Every structure is written in structure tokens, then in C-alpha cells.
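First comes the structure, then the notes that go with it.
The values are calculated or read from the model by the stated rules, or taken from the named source; none is laboratory data. Quick caveat: nothing in here was measured; it's all calculated off a predicted structure. Heads up, the Cβs are rebuilt from the backbone with ideal geometry, glycines too, and the neighbour counts pull from every protein chain shown.
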Amino acid sequence: MKKAETKPHPVLQPHYKSLEDKQGFLRLAFDAAAPFYEGIARWGFFGSGEWYRKDALQRHGLKEGMKIVDVASGTGPTARAALRIVGNPDLITCVEPSLGMLNESKKQLACRHIQAGAEHIPLPDGEFDFLTMGFALRHVNDLEGAFREYFRIVKPGGKICILDVTKPRHSLGQIPFRVYFKHVLPFFTRLFTGSRAAQYLMQYYWDTMDNMVDSEVVMKALAKCGFHEIEHKVLLSVFTEYTAIKPQQGRG
């Protein structure tokens with residue numbers, strides 16, 4: 001029971017049969033939708049995505065010259081926002097399990113790209129000043145497994161910033177949120193892209209949002225993995241931001 005509490009959401013049976021099947025399913029789904037993903041991200045979020053990412057990273061302390069790793073980087077929108085702050089692509093590392101998404105990212109960003117998942121990141125201890133994860137927390141298998149890796153690869157005093165979209169808490173806000181992400185976005189994705197794979201990925205996105213883990217569980221997992229100064233903020237009822245700092249003296 002204790003282990004189950006660290007999972008971002010339950011097994012989603014219509015999409016994959018067990019937790020062991022999840023990452024393989026995700027790689028195939030993201031690979032198939034990768035060529036269309038940038039366009040969906042732009043019009044699906046009304047052009048606000050990269051602006052919001054840059055604003056969030058600046059608010060939470062990313063500065064010029066910092067070395068940053070973007071986990072679950074996708075096609076690179078968060079890393080591109082970070083580049084506008086840190087000023088040098090050599091300071092940025094993108095980590096992403098989908099080869100299709102990495103290939104799309106490489107077309108726009110000349111930084112280091114590594115194919116890997118959040119729970120097993122092939123990078124040295126204490127390499128980064130800042131770690132970000134944009135809109136992908138619900139795709140990991142195990143929160144503590146990912147957060148232990150985050151703790152390991154950031155420097156003492158380094159910060160992590162996790163961004164995601166979650167359902168509004170109030171029922172009135174949940175109605176338009178559900179209509180848009182469950183019905184409108186998948187429909188227009190198919191209409192604009194002609195891709196069943198892209199439409200299917202957006203349908204899967206809704207199911208992950210509908211089953212997202214509570215913020216209290218995320219914060220407890222961060223604390224258990226050694227992070228301090230853990231904060232949780234919600235903007236406009238749907239944009240969720242988690243931040244935490246690795247203590248200067250290890251776990252102490």
C-alpha cells in the first residue's frame with residue numbers, strides 16, 4: 001500500500017494492462033505523435049506555452065549561466081524557454097524517453113539530448129544548478145524513483161521546478177476543463193493533423209489528468225527523497241507548480 005501511494009495515477013487499463021507495460025506504451029504513443037506535437041502544443045494552449053514556461057522558470061530562480069537539465073523534455077519547449085534565460089545551449093541537457101520526441105527537439109535546439117526515463121537518468125551526481133520537468137509528472141511510473149534521481153543529479157543548493165496541468169478543485173471549473181481536454185482538443189487535433197496517433201495521445205492525456213495524483217502525495221515524496229523548502233502553487237486554477245531545493249549539506 002505504501003508503494004502504491006508514490007504512483008502518479010493508477011494503471012489505465014484501456015491503454016496498457018500493467019505498470020510494467022506503461023513505459024513501452026508511452027514510447028510508442030509519443031513516437032507516433034511526435035511530428036505533430038509542436039503544432040498541437042502551440043494552438044492547443046493558445047500560444048501561451050513557451051511564454052508561461054519562461055515566466056515560471058524565472059519566477060522560481062533560473063538565471064543566466066546556470067546549468068539546467070529538462071527531464072521528460074519532449075520536443076523541447078521548456079528547454080527552449082530555459083535557453084532564453086541561461087543564454088547558452090551548452091548549459092542545457094534534455095532527457096526524454098521517446099526517440100521521436102528527441103528527434104523533433106534536435107531540429108530546434110542544439111543542446112545535449114539523452115534518451116532516458118525519469119527514474120534512471122545516465123548523468124553524473126551533482127551536475128546541475130536547476131532541474132525542470134514540464135507537464136510530464138503523470139507519465140512517470142514511480143514518484144520516489146524519479147525524485148531520488150532528481151536529488152542525485154542536482155548540486156547541493158540546486159533547485160527543481162515541476163510544472164503540470166491539473167483539474168480545477170471546484171466543480172464549476174472542472175466542467176469547461178473536462179469538455180476542452182476530453183472532447184475539444186482531441187477532436188481538433190484529428191481535424192488539424194489528420195493523425196489518429198496524435199488524436200489518441202490527446203485522449204490519453206485527458207485520462208492522465210483525470211487520474212492525477214494529489215499534490216500532498218507529490219510533496220511527501222519530495223520530502224522523503226531529501227528535498228527541503230518544498231512549495232506548491234496553482235495558477236489560474238489549472239497550472240500546478242512544485243519547487244524544492246536540495247540542501248547544501250546532502251540530506252542533512
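Please enumerate the residues belonging to region 14-34 that are more than 17 Å from the chain's Cα centre (by Cα) and within 17 Å of residue 186 (Cβ to Cβ).
Hits for region 14-34 are 14, 15, 32.
What number of residues in region 231-252 are free of Cβ contacts under 8 Å to residues at least 12 places away in the same chain and part of a loop (DSSP other than H, G, I, E, B)?
2
Could you pull out the residue among 223, 197 that is among the small types (Gly, Ala, Ser) and either free of Cβ contacts under 8 Å to residues at least 24 places away in the same chain or farther than 20 Å from residue 23 by Cβ (or both)? Outline the logic, then answer.
On the way: 197 fails: either free of Cβ contacts under 8 Å to residues at least 24 places away in the same chain or farther than 20 Å from residue 23 by Cβ (or both).
Just one listed residue meets the conditions, 223.
Would you pick out the residues in region 213-230 that are assigned to a loop (DSSP other than H, G, I, E, B), closer than 16 Å to residue 138 by Cβ and hydrophobic (A, V, I, L, M, F, W, C)?
Filtering region 213-230 for residues assigned to a loop (DSSP other than H, G, I, E, B) gives 213-214, 225-227.
Next cut, closer than 16 Å to residue 138 by Cβ only: 213-214.
Listed by number, the list holds a single entry, 213.
Any residue in region 151-172 that's part of a helix (DSSP H, G or I): show its pairings with residues that are acidic (Asp, Glu) at Cβ separation under 8 Å, as long as the two are six or more apart or on different chains.
152/125; 153/125; 153/127
Limited to region 122-146, what total is found for residues that are buried (at least 21 other Cβ atoms within 10 Å of the Cβ) and in a loop (DSSP other than H, G, I, E, B)?
3
Could you list, ordered by first residue, the pairs with Cβ atoms under 7 Å in which the first is in region 113-126 and in contact (Cβ under 8 Å) with a residue 60 or more places away in the chain and the second is in a loop (DSSP other than H, G, I, E, B) and not hydroxyl-bearing (Ser, Thr, Tyr), at least 6 apart or interchain?
117/97
Which condition does residue 191 not pass, out of (1) farther than 16 Å from residue 40 by Cβ; (2) of a type outside the set (Gly, Ala, Ser); (3) out of contact with any helix residue (DSSP H, G or I) (no Cβ under 8 Å at 6 or more places or on another chain), if it passes all the others?
With (1) farther than 16 Å from residue 40 by Cβ; (2) of a type outside the set (Gly, Ala, Ser); (3) out of contact with any helix residue (DSSP H, G or I) (no Cβ under 8 Å at 6 or more places or on another chain) applied to residue 191, the lone miss is (1).
Which residues, counting only those in region 152-171, are within 16 Å of the chain's Cα centre (by Cα) and either among the β-branched types (Val, Ile, Thr) or at pLDDT 95 or above (or both)?
159, 160, 161, 162, 163, 165, 166
If a residue has to be surrounded by 14 or more Cβ atoms within 10 Å (Cβ to Cβ), touching a Cys at 6+ places or on another chain (Cβ under 8 Å) and over 20 Å from residue 33 (Cα atoms) to count, how many in region 71-90 make the cut?
2
Inspect all residues belonging to region 168-183 and state whether any of them is of a type in the set (A, V, I, L, M), farther than 23 Å from residue 228 by Cα and surrounded by 15 or more Cβ atoms within 10 Å (Cβ to Cβ). Let's see the steps before the verdict.
We begin by selecting, within region 168-183, every residue of a type in the set (A, V, I, L, M); these are 172, 175, 179.
This time we only want the ones that are farther than 23 Å from residue 228 by Cα, so: 172, 175, 179.
With surrounded by 15 or more Cβ atoms within 10 Å (Cβ to Cβ) added as a condition, the list becomes none.
Scanning region 168-183 turns up no residue that is of a type in the set (A, V, I, L, M), farther than 23 Å from residue 228 by Cα and surrounded by 15 or more Cβ atoms within 10 Å (Cβ to Cβ).
List every residue pair whose Cβ atoms lie under 9 Å apart, where the two residues are 6 or more positions apart in sequence or sit on different chains, the first residue falls within region 81-94 and is in contact (Cβ under 8 Å) with a residue 40 or more places away in the chain, and the second residue, located anywhere, is surrounded by 23 or more Cβ atoms within 10 Å (Cβ to Cβ) and among the β-branched types (Val, Ile, Thr).
Pairs found: 82/68; 82/92; 82/132.
State which residue is farthest from residue 181 (Cα to Cα) when the search covers only region 1-42 and only residues that are modelled with pLDDT of 90 or more, out of contact with any Ser or Thr (no Cβ under 7 Å at 6 or more places or on another chain) and among the basic types (Lys, Arg).
17
Filter region 60-70 for residues that are surrounded by 17 or more Cβ atoms within 10 Å (Cβ to Cβ) and more than 22 Å from residue 29 (Cα to Cα) and give the result. Before you say what the answer is, go through the steps one by one.
Within region 60-70, the first condition is being surrounded by 17 or more Cβ atoms within 10 Å (Cβ to Cβ), and the residues that meet it are 60, 62, 66-70.
60, 62, 66, 67, 68, 69, listed by residue number.
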